[in-house]
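Read the structure below first, then the notes.
Every number here is computed from the coordinates shown, using simple stated rules; none is lab data. Predicted, not measured: the structure shown is a model, and the values here were computed from it. So basically every Cβ, Gly included, is an ideal-geometry build from the backbone, and we count neighbours across all protein chains shown.
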Amino acid sequence: MIFIAHYFTDNRNLSENRKEHSFRFSGHLFKFVTDNGVFSKTGVDKGTEILLEACVQENIRGSVLDLGCGYGPVGTVIKTLFPDCRVICSDVNPRAAELTAINTALNNAECEVLVSDGFDKIDDVFDSVITNPPIRAGKAVIYRMFDEAYAHLNGGGSFYAVIRRKQGAESSCRKLEEIFQNCDVISRDKGYWVLKSTKLTD
């Protein structure tokens with residue numbers, strides 16, 4: 001049997017091959033160090049870019065979680081564009097978390113970084129949870145992220161996710177509707193949907 005290490009697992013045993021990439025977004029030039037064993041190691045992927053384009057049109061405020069942060073592009077950009085926010089970046093993959101710490105420092109974006117399997121190591125509640133979820137991990141993993149995000153949002157806080165239509169965006173929207181009682185598709189671009197659900201206040 002051949003074991004394949006996925007980017008959403010602990011894969012510190014992989015050899016290193018760090019590279020630096022540039023990403024121009026919203027008038028800023030960001031630099032990101034990537035490595036083997038992290039998602040989209042050749043540069044910021046289109047889904048993440050579309051997610052960011054949608055989020056910068058939102059009223060991002062207060063505390064923000066970049067859930068499944070990879071090497072940190074979402075958290076880095078959000079902190080840069082919304083500097084008054086407290087931003088936490090988390091990932092199950094220690095190599096990803098290490099790269100996020102490097103990249104947030106490289107871009108002068110002061111974020112907190114931690115290793116956590118979903119919300120296992122997270123006790124905080126947030127005003128926004130933002131994710132480009134690891135679709136290949138399967139629906140059980142993704143839907144657990146949805147449920148736990150709901151539990152870790154303040155009333156009036158919002159959850160944002162980008163998912164390709166052909167990889168389950170419609171079923172994810174239905175699941176979020178079930179959990180939050182609402183789900184809006186705030187962007188459709190190149191086959192990607194950006195989903196937004198808001199935790200209703202009593």
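Relative contact order of the chain, taken over Cα pairs closer than 8 Å and 6 or more residues apart, is 18 percent.
Each of the peptides 135-147, 62-74, 107-119 was scored by the mean count of other Cβ atoms within 10 Å over its residues; in descending order, highest first, they stand as 62-74, 107-119, 135-147.
A simple rule links phi to the HN-Hα coupling: the Karplus curve 6.51 cos²θ - 1.76 cosθ + 1.60 with θ = phi - 60°, which for the range 18-23 gives 6, 9, 10, 10, 9, 9 Hz, with x for Gly and Pro. Dipole size of the chain about its Cα centre, with +1 on Lys/Arg Cβ and -1 on Asp/Glu Cβ: approximately 780 debye, rounded to the nearest 20. The value obtained for the range 44-198, namely the Cα convex hull volume divided by the number of residues, is 95 Å³ per residue. Just how far, in whole angstrom, is the range 112-127 from the range 131-194 if you go by their alpha carbon centroids? With the range 131-194 and the range 112-127 each reduced to a Cα centre, they are spaced 18 Å.
Between His21 and Phe32, Val33, Thr34, the built amide H atoms are under 5 Å apart, and every one of these is 5 or more places off in sequence or on another chain. Here His21, His152 are placed in order of increasing Cβ neighbour count within 10 Å, fewest first, which gives His21, His152. Computed from label points 7 Å out along Cα-Cβ, the spacing between Gln181 and Ser116 is 2.6 nm.
Hey, which of these cross-link pairs are over 26 Å Cα-Cα: Lys121/Lys196; Lys139/Lys196; Lys79/Lys166; Lys121/Lys199; Lys31/Lys175; Lys31/Lys190?
Details: Lys121/Lys196 24 Å; Lys139/Lys196 18 Å; Lys79/Lys166 31 Å; Lys121/Lys199 22 Å; Lys31/Lys175 35 Å; Lys31/Lys190 24 Å.
From the list (Lys121/Lys196; Lys139/Lys196; Lys79/Lys166; Lys121/Lys199; Lys31/Lys175; Lys31/Lys190), the Cα-Cα distance tops 26 Å for Lys79/Lys166; Lys31/Lys175.
Where both residues lie in the chain, what percent of DSSP beta bridges are antiparallel, nearest 5? Before the final figure, lay out the partial values.
Values: 19 of 37 bridges.
The answer is about 50 percent antiparallel.
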